[in-house]
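The values are calculated or read from the model by the stated rules, or taken from the named source; none is laboratory data. Remember, predicted model here, so these are calculated numbers, not experimental data. Cβ placement follows ideal geometry from the backbone for every residue including glycine, while neighbour counts extend to all protein chains displayed.
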Amino acid sequence: MQNTRIWGRLLGASAALALLAPARPAAAAGLFFSDRGVRPLGRGGAFVAAPDDLGAIWYNPAGLVDCGTQLLIDGSNLNFDADYKRRSNVTDANGTVRTYEYPTVHGTTPVLPLPTIAFSQRYGDNWTFAGGILAPYAPLVSYPATVDGKPSPARYSLVTLDGSALSYVGAYAGYKASKTLNVGFGLVTLVGTFKSTVVLSASPPDRLVAAPEDPAYDTVGQITASPIVAPTLTAGVSWAPDPHIRIGASALGPMYVYAPAKMKLRLPTAAVFDGASQSGDSGTVSFWLPPVIRAGIEYRTDLGKESSFRAEVAYVREFWSVHKSIDVDASGTKLLGVKGFPSPFGVPPLSIPRNFQDANSLRVGAEIRFPGLATGYPVAVRAGAHYEGSAVPNAWTSVLSADSKKLIASIGGSLYLKDKWRFDAVFAQAFVDDVTVDPATAAAPRINPVTGNATKSEAINGGSYAFKANLIGFGLVYKWN
């Protein structure tokens, strides 16, 4: 009977773990890699005090007042590479702790334009309304299933995120409250589908029936969480106390993600699973995404002859400490025919600890516009940088939570045609700190679902991480007035 209970809990929780992969939260310092938008990112993300194009719907909706009627379309490709060399501590039968090193695994992202599509319409002298769709700048990383002919050391965190598609969809309004004060607000909803593949382990960590991480007990889970619909509110203000100064601030509310999920499990090849099958494929996953506040101050001046200069310093804080856990309910999924426990067996609920922390970012950026020398059309050049902390504590860094402290430097430019068209470009390079997670302090668990078992499962995220990333983007704006 004890064996039956152990196997039941073990396999039930293994199936529940298949729902973890959709839980990839959204925000720059947490798990998005950088802030967004071709023109704003060209200024290092310092675009909060007084944005005057449709990048305002992300940075500060009060800026819509200065947009008028316009259409903005842009797209960027995030080129992200990660190298992970896993190390884990294993306690042998004599109680001696030994550190085991695995081969390095390399993760890459596909070429995938991340778009912005937005439109605004001015009504009267005071109101501007807008709508838009924004894709997050998130690295959809894939790792090989095998390395040197053996199972990948990263497999218990992530194999691939191919097939995921997430966007922010929003409706916004800007209002000119006075000659010096603009306000804005909006309803924003994270929508889309999250699809991933991850390997789960049904091997008890105390060597009850097999060695930990025995490949014969690996379960491949392919999960689709859809539809994701997580609404929140955003608001902002922009104040001009002087013709040369703009001060702005904005806030984005927290999001609660509660999404249905479908999962397909390829059960282990171990003999105890011979003839076993899955009945049903439904479940849900839920977690919190953080509120965000932004503030900036901009200096601007007219240089004459169609020339102008703008420079901004901005600060962003993301309250990732609300992201404490991922809660999984897979009550619609059952396992049949596994030797040694009742059939069918209902999958129990599971709560996965995350324990993220708040993160801060400081941005500086500037742009100068001047008449074109060769073409006769005005041009603008811009540059900026932002330093960003990580919301992922060192002990919780993994290939799924692939983030670190970083400095992102960017350059960009625009070409203006006949006061109607503007064509934009940006290139950004990330300088990312390497991360070393001591196996002795690594915290991301290969969950031990065997309640009451005194043997602690080995963490799956110890080792060293190295990240490289750059981004290139292009866009256009058309203005009616």
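What the table below lists for this structure:
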{"quantity": "Boolean, Pro227 is within 25 Å of Leu200 (Cβ to Cβ) and not in a strand (DSSP E or B)", "calculated": "no"}
{"quantity": "Where Ile228 falls short, out of the listed (1) without any contact (Cβ under 8 Å) to a residue 40 or more places away in the chain; (2) surrounded by 21 or more Cβ atoms within 10 Å (Cβ to Cβ)", "calculated": "(1)"}
{"quantity": "Of all residues in region 402-413 being crowded, with 23+ Cβ neighbours inside 10 Å and not acidic (Asp, Glu), the one that is farthest from Val105 (Cα to Cα)", "calculated": "Gly412"}
{"quantity": "Matching residues in region 410-443 - criterion: being part of a loop (DSSP other than H, G, I, E, B) and under 20 Å from Pro371 (Cβ atoms)", "calculated": "Lys418, Asp419, Lys420"}
{"quantity": "Residue in region 323-336 that is crowded, with 23+ Cβ neighbours inside 10 Å, within 27 Å of Arg36 (Cα to Cα) and at pLDDT 80 or above present", "calculated": "yes"}
{"quantity": "2 or more residues at pLDDT 95 or above, out of contact with any His (no Cβ under 8 Å at 6 or more places or on another chain) and under 13 Å from Ser250 (Cβ atoms): qualifying helices (runs of 4 or more DSSP H) within region 1-72", "calculated": "56-59"}
{"quantity": "Residue count, region 68-102 (criterion: more than 30 Å from Val477 (Cβ to Cβ) and either aromatic (Phe, Trp, Tyr) or under 27 Å from the mean Cα position of the chain (by Cα) (or both))", "calculated": "10"}
{"quantity": "Residues of region 325-362 satisfying the condition of being among the charged types (D, E, K, R), over 16 Å from the mean Cα position of the chain (by Cα) and over 26 Å from Ala271 (Cα atoms)", "calculated": "Asp327, Asp329"}
{"quantity": "Residue list for region 320-374, filter: closer than 15 Å to Ser286 by Cα, in a strand (DSSP E or B) and of a type outside the set (Ser, Thr, Tyr)", "calculated": "Ile326, Asp327, Val328, Asp329, Ala330, Leu350, Ile352, Pro353"}
{"quantity": "Extreme residue, farthest from the chain's Cα centre (by Cα), among residues of region 103-140 that are buried (at least 21 other Cβ atoms within 10 Å of the Cβ) and of a type in the set (Gly, Ala, Ser)", "calculated": "Ser120"}
{"quantity": "Members of region 419-434 found to be free of Cβ contacts under 8 Å to residues at least 40 places away in the same chain and among the aromatic types (Phe, Trp, Tyr), listed by number", "calculated": "Phe431"}
{"quantity": "Filtered residues of region 375-407 (kept if over 30 Å from Leu476 (Cα atoms), assigned to a loop (DSSP other than H, G, I, E, B) and among the small types (Gly, Ala, Ser))", "calculated": "Gly389, Ser390, Ala391, Ser398, Ser401, Ala402, Ser404"}
{"quantity": "Candidate set from region 74-88 (those that are more than 17 Å from Ser157 (Cα to Cα) and polar (S, T, N, Q)); member that is surrounded by the most Cβ atoms within 10 Å (Cβ to Cβ)", "calculated": "Ser76"}
{"quantity": "Condition met for Leu303 (closer than 23 Å to Ala366 by Cβ and either touching a residue at least 12 places away in the same chain (Cβ under 8 Å) or among the small types (Gly, Ala, Ser) (or both))", "calculated": "yes"}
{"quantity": "Long-range neighbours under 6 Å by Cβ, at least six apart or interchain, first residue farther than 21 Å from Leu54 by Cα within region 130-141, second surrounded by 23 or more Cβ atoms within 10 Å (Cβ to Cβ) and of a type in the set (Val, Ile, Thr)", "calculated": "none"}
{"quantity": "Selection within region 321-340 - touching a helix residue (DSSP H, G or I) at 6+ places or on another chain (Cβ under 7 Å) and not charged (D, E, K, R)", "calculated": "Val328, Ala330, Thr333, Leu335, Val338, Gly340"}
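Residue-wise test of (1) within 33 Å of the chain's Cα centre (by Cα); (2) surrounded by fewer than 19 Cβ atoms within 10 Å (Cβ to Cβ); (3) of a type in the set (Val, Ile, Thr); (4) modelled with pLDDT of 90 or more.
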| position | (1), (2), (3), (4) |
| --- | --- |
| Pro243 | no, yes, no, yes |
| Ala251 | yes, yes, no, yes |
| Pro254 | yes, yes, no, yes |
| Tyr258 | yes, yes, no, yes |
| Phe273 | no, no, no, no |
